[in-house]
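The values are calculated or read from the model by the stated rules, or taken from the named source; none is laboratory data. This structure is a prediction, so every number in the text was calculated from the model and none was measured. Positions of Cβ are backbone-derived with ideal geometry, glycine not excepted, and every protein chain shown enters the neighbour counts. Just so you know, the surface numbers come from the protein's heavy atoms only, side chains and all, with ligands and any DNA or RNA stripped out. Shrake-Rupley method; radii C 1.70, N 1.55, O 1.52, S 1.80 Å.
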Amino acid sequence: MIDTLELTAIPPEDEALRADVRAFLADTLDGLEPDERARSWMGFDAAFSRQLAERGWLGLTLPREHGGAARGHFARFVLSEELLGAGAPVSAHWIADRQSAPLILKYGTPAQRAFYLPRICRADAFFCIGMSEPGSGSDLASIRSRATQVAGGWRLNGSKVWTTNAHRSHYMIALVRTSGTAEDRHQGLSQLIVDLSLPGVSIRPIQDLTGDSHFSEVFFDNVEVAEDALIGAEGAGWAQVNAELAFERSGPERLYSSIALLECWLTHCRSESDDASNRAVLGSILSQMAVLRAMSLAVAGKLAAGGSPATEAALVKDLGTELEQALPRLIGDALGRRPDVPPPLPLLRTLAYLEQVGPTFSLRGGTREILRGIIARGLGLR
């Protein structure tokens, strides 16, 4: 069942991190155009990720013995909020830092932790997620990629699709079937860490409407992986992947995908005469953002207390992406009401970009239908 979301405040020692991060970003991102800032967690910049690592800002929640800073979830919330609010290009390290590292810390062997976690903290190992497959849509339980146990390890065959940054990543944590068939649904699923440089792995980037290539198809043709590629217990992949998705859905990134557009529009509004309709639109947006941020902080509080708020995270993700998708429409409509005031080109470019990518906001991290099924079960409605 879903628990109550309690109003939660960021502890002062974690809030103190904000000033340093903000100052660093103001200097580092100076001159970055709004449409580039709008890409943020789709913006791949390995050098920027290593700058963060040099400051100890990757692996914030990981233990010191694995290269982390041993900080809590609130510190990571502050860091994430500042990075995304500034439109920093965080895509290179984002998946590894947000969910691969916590997954390895929780389910990995001591050898896996010792090998992967320090590399993630140094921005020397980038990860992608191998979940979706052709023909499966959002129904992860129907996946058909198979790992067969052989002498010395596993032989992997199958394919993945819509895999963010596969063509730029070092490793994939892949959900595969190690026993049974697709008809067995949740049974027989396991997770493997796959080195994407291995023979038999082929990757084809997919170009989106904007001309960017964030997604890829990944094919496995008799890929031989070592026995220690298995993470966690064989057959426990379904439970593990749901724990991983809770990390993916719980952060403030579900609020800020369109923040660069909002800031650009506000700058434009301040340059023209006061407009009551613009103020009404802004008031509606900010009131929703304030509530969603409070909900996201409450989820961070549950994580900090050792909980696994999968249902609550799904709720925040669903509501947050609704607002993210609505922002370009609301701002586009507001601009259309003032045809006598031509908007600047950076604003138009940012609006055009988000109009094109906005539909993906309710796909990544679980479709709206999947999320609402999780919420319904959490509420005891199914």
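Pairs under 9 Å by beta carbon, first residue within 14 Å of residue 319 (Cα to Cα) in region 283-301, partner surrounded by fewer than 19 Cβ atoms within 10 Å (Cβ to Cβ) and acidic (Asp, Glu), six or more apart or different chains?
Sorted first by the residue in region 283-301, then by its partner, the pairs are 288/322.
Quick check, is residue 219 more than 19 Å from the chain's Cα centre (by Cα) and among the aromatic types (Phe, Trp, Tyr)?
On the way: more than 19 Å from the chain's Cα centre (by Cα): yes; among the aromatic types (Phe, Trp, Tyr): yes.
Yes.
So which of 315, 330 is modelled with pLDDT of 95 or more, assigned to a helix (DSSP H, G or I) and either in contact with a His (Cβ under 7 Å, 6 or more places away or on another chain) or open to solvent by 30 Å² or more (accessible area, probe 1.4 Å) (or both)?
The match here is 330.
Please go through region 303-312 and pick out each residue that is within 15 Å of residue 8 (Cα to Cα), open to solvent by less than 30 Å² (accessible area, probe 1.4 Å) and assigned to a helix (DSSP H, G or I).
Of everything in region 303-312, those that are within 15 Å of residue 8 (Cα to Cα), open to solvent by less than 30 Å² (accessible area, probe 1.4 Å) and assigned to a helix (DSSP H, G or I) turn out to be 303, 312.
On the basis of being at pLDDT 90 or above, more than 27 Å from residue 72 (Cβ to Cβ), out of contact with any helix residue (DSSP H, G or I) (no Cβ under 6 Å at 6 or more places or on another chain) and basic (Lys, Arg), does residue 377 make the cut?
For residue 377, the condition - at pLDDT 90 or above, more than 27 Å from residue 72 (Cβ to Cβ), out of contact with any helix residue (DSSP H, G or I) (no Cβ under 6 Å at 6 or more places or on another chain) and basic (Lys, Arg) - is not met.
If a residue must be open to solvent by less than 40 Å² (accessible area, probe 1.4 Å) and among the acidic types (Asp, Glu), how many such residues does region 209-243 contain?
So the answer is 1.
Output yes when any residue across region 211-230 is outside any loop (DSSP other than H, G, I, E, B), on the phi > 0 side of the Ramachandran plot and not charged (D, E, K, R), and no when none is. Give the derivation first.
First, the residues of region 211-230 that are outside any loop (DSSP other than H, G, I, E, B): 215-230.
Then drop every residue that is not on the phi > 0 side of the Ramachandran plot, which leaves 222.
Within this subset, residues satisfying the condition of being not charged (D, E, K, R) are 222.
The answer is yes, given that some residue of region 211-230 is outside any loop (DSSP other than H, G, I, E, B), on the phi > 0 side of the Ramachandran plot and not charged (D, E, K, R).
Out of 80, 132, 136, which single residue is in a helix (DSSP H, G or I), of a type in the set (Ser, Thr, Tyr), on the phi < 0 side of the Ramachandran plot and at pLDDT below 95?
Just one listed residue meets the conditions, 80.
Could you please give the count of residues in region 342-382 that are among the aromatic types (Phe, Trp, Tyr) and either free of Cβ contacts under 8 Å to residues at least 40 places away in the same chain or under 30 Å from residue 272 (Cα atoms) (or both)?
Residues in region 342-382 being among the aromatic types (Phe, Trp, Tyr) and either free of Cβ contacts under 8 Å to residues at least 40 places away in the same chain or under 30 Å from residue 272 (Cα atoms) (or both): 1 in total.
Can you find a residue that is open to solvent by less than 40 Å² (accessible area, probe 1.4 Å), among the β-branched types (Val, Ile, Thr) and either within 15 Å of residue 269 (Cα to Cα) or within 18 Å of the chain's Cα centre (by Cα) (or both) anywhere in region 371-382?
No: zero hits.
Select, from 115, 127, the only residue that is without any contact (Cβ under 8 Å) to a residue 24 or more places away in the chain and either open to solvent by less than 10 Å² (accessible area, probe 1.4 Å) or hydrophobic (A, V, I, L, M, F, W, C) (or both).
Just a single option satisfies the conditions, and that option is 115.
If residue 346 satisfies every condition in (1) touching a Cys at 6+ places or on another chain (Cβ under 8 Å); (2) in a loop (DSSP other than H, G, I, E, B) but one, which is the exception?
Checking residue 346 against (1) touching a Cys at 6+ places or on another chain (Cβ under 8 Å); (2) in a loop (DSSP other than H, G, I, E, B), the one that fails is (2).
Quick one: in region 137-151, of everything that is farther than 22 Å from residue 370 by Cβ and open to solvent by less than 60 Å² (accessible area, probe 1.4 Å), which residue is nearest to the chain's Cα centre (by Cα)?
Among those that are farther than 22 Å from residue 370 by Cβ and open to solvent by less than 60 Å² (accessible area, probe 1.4 Å), it is 147.
Mind checking which residues of region 115-129 are touching a strand residue (DSSP E or B) at 6+ places or on another chain (Cβ under 8 Å) and at pLDDT 95 or above?
Hits for region 115-129 are 116, 120, 125, 126, 127, 128.
This table checks each residue for (1) more than 25 Å from residue 364 (Cβ to Cβ); (2) touching a residue at least 12 places away in the same chain (Cβ under 8 Å); (3) surrounded by fewer than 22 Cβ atoms within 10 Å (Cβ to Cβ).
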residue	(1), (2), (3)
100	no, yes, no
110	yes, no, yes
192	no, yes, no
197	yes, yes, yes
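Of the conditions (1) touching a helix residue (DSSP H, G or I) at 6+ places or on another chain (Cβ under 9 Å); (2) of a type in the set (A, V, I, L, M, F, W, C); (3) part of a helix (DSSP H, G or I); (4) over 24 Å from residue 358 (Cα atoms), residue 239 satisfies every one except a single condition; which number is it?
(1)
Residue-wise test of (1) more than 30 Å from residue 343 (Cα to Cα); (2) open to solvent by 30 Å² or more (accessible area, probe 1.4 Å); (3) at pLDDT below 95.
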| residue | (1), (2), (3) |
| --- | --- |
| 245 | yes, no, yes |
| 260 | no, no, yes |
| 277 | no, yes, yes |
| 297 | yes, no, yes |
| 300 | yes, no, yes |
| 322 | no, yes, yes |
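Mind telling me which of the residues 26, 9, 16 ends up being within 24 Å of the chain's Cα centre (by Cα), surrounded by fewer than 17 Cβ atoms within 10 Å (Cβ to Cβ), at pLDDT 95 or above and aliphatic (A, V, I, L, M)? Please lay out each step first, then the result.
Numbers: 9 fails: at pLDDT 95 or above; 16 fails: within 24 Å of the chain's Cα centre (by Cα).
Testing whether each residue is within 24 Å of the chain's Cα centre (by Cα), surrounded by fewer than 17 Cβ atoms within 10 Å (Cβ to Cβ), at pLDDT 95 or above and aliphatic (A, V, I, L, M) leaves just 26.
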